[in-house]
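All remarks here apply to the structure that follows.
The values are calculated or read from the model by the stated rules, or taken from the named source; none is laboratory data. Since we're looking at a predicted model, the values are computed, not measured. Heads up, the Cβs are rebuilt from the backbone with ideal geometry, glycines too, and the neighbour counts pull from every protein chain shown.
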Amino acid sequence: MSHSPLLEKAIELLHEVNMQTPVLDLACGSGRNGLYLVNQNIPVVFADIKESALEQVESTITRHHCEEKSTANFWQIDFEQDDIKPFAGKSFSAIIVFRYLHRPLFEQIKQAVIPGGFVVYETFTVDQPQFGRPKNPNFLLNHGELAELFSDWHIIYSFEGVIDVNNESGKQAIAQVIARKPLL
């Protein structure tokens, strides 16, 4: 599976932002989006709860991108543990999130992005159950929720609606945002 087309809309911005800090691929899964960035010589921290997912990403990098291995780091963490602040003391030039929603993380995500850095976020909306999984409302954005969460940032790109995809129904209901954190 290839990377999200949303990343292509953000790639120039991600190259622009100060790369003293890496991009975080939050809940990276197979790493398809972070791997795209690694291929663009952008340093990435792949973060996921599953050690097996991180091992798969590392194996892919080792097999196909030996010279870029130094631009990838791995962080095994459960972002949904109660009473933890996973981003305390951490900062990133950008945080990318695809197909994952845990609302208690939003403020921490916003704090962990450096001033002038970016969030690239794409996940399902409440309209998704008619097309397939997920169906749990805890994993589905309400209408306008994503854009509202970043309304205090500069929204560069925003989309909410139904897209054509290669799945059983041929459709997915998603929301997307590319937003820049204000400078101090």
Of the numbered conditions (1) touching a strand residue (DSSP E or B) at 6+ places or on another chain (Cβ under 6 Å); (2) modelled with pLDDT under 85, K9 fails exactly one; give the number of that condition.
-> (2)
Which residues, taken from the stretch 12-58, are under 21 Å from P86 (Cα atoms), within 14 Å of the chain's Cα centre (by Cα) and of a type in the set (A, V, I, L, M)?
-> V23, L24, L26, A27, V44, V45, A47
Report whether or not I61 is more than 29 Å from E145 (Cα to Cα) and more than 14 Å from the chain's Cα centre (by Cα).
-> yes
Only one residue in I84, I163 is surrounded by 12 or more Cβ atoms within 10 Å (Cβ to Cβ), out of contact with any strand residue (DSSP E or B) (no Cβ under 9 Å at 6 or more places or on another chain) and either in contact (Cβ under 8 Å) with a residue 24 or more places away in the chain or more than 13 Å from D25 (Cα to Cα) (or both). Which one?
-> I84
Examine the stretch 142-154 for a residue that is surrounded by fewer than 13 Cβ atoms within 10 Å (Cβ to Cβ), modelled with pLDDT under 90 and over 26 Å from L13 (Cβ atoms), and state whether such a residue exists.
-> no
Inspect the stretch 22-38 for any residue being more than 23 Å from P137 (Cα to Cα), part of a loop (DSSP other than H, G, I, E, B) and either touching a Cys at 6+ places or on another chain (Cβ under 6 Å) or touching a residue at least 60 places away in the same chain (Cβ under 8 Å) (or both) and give the result as yes or no.
-> yes
Can you name the number of the only condition in (1) among the hydrophobic types (A, V, I, L, M, F, W, C); (2) touching a Lys or Arg at 6+ places or on another chain (Cβ under 6 Å); (3) farther than 21 Å from N73 by Cα; (4) buried (at least 21 other Cβ atoms within 10 Å of the Cβ) that A175 fails?
-> (2)
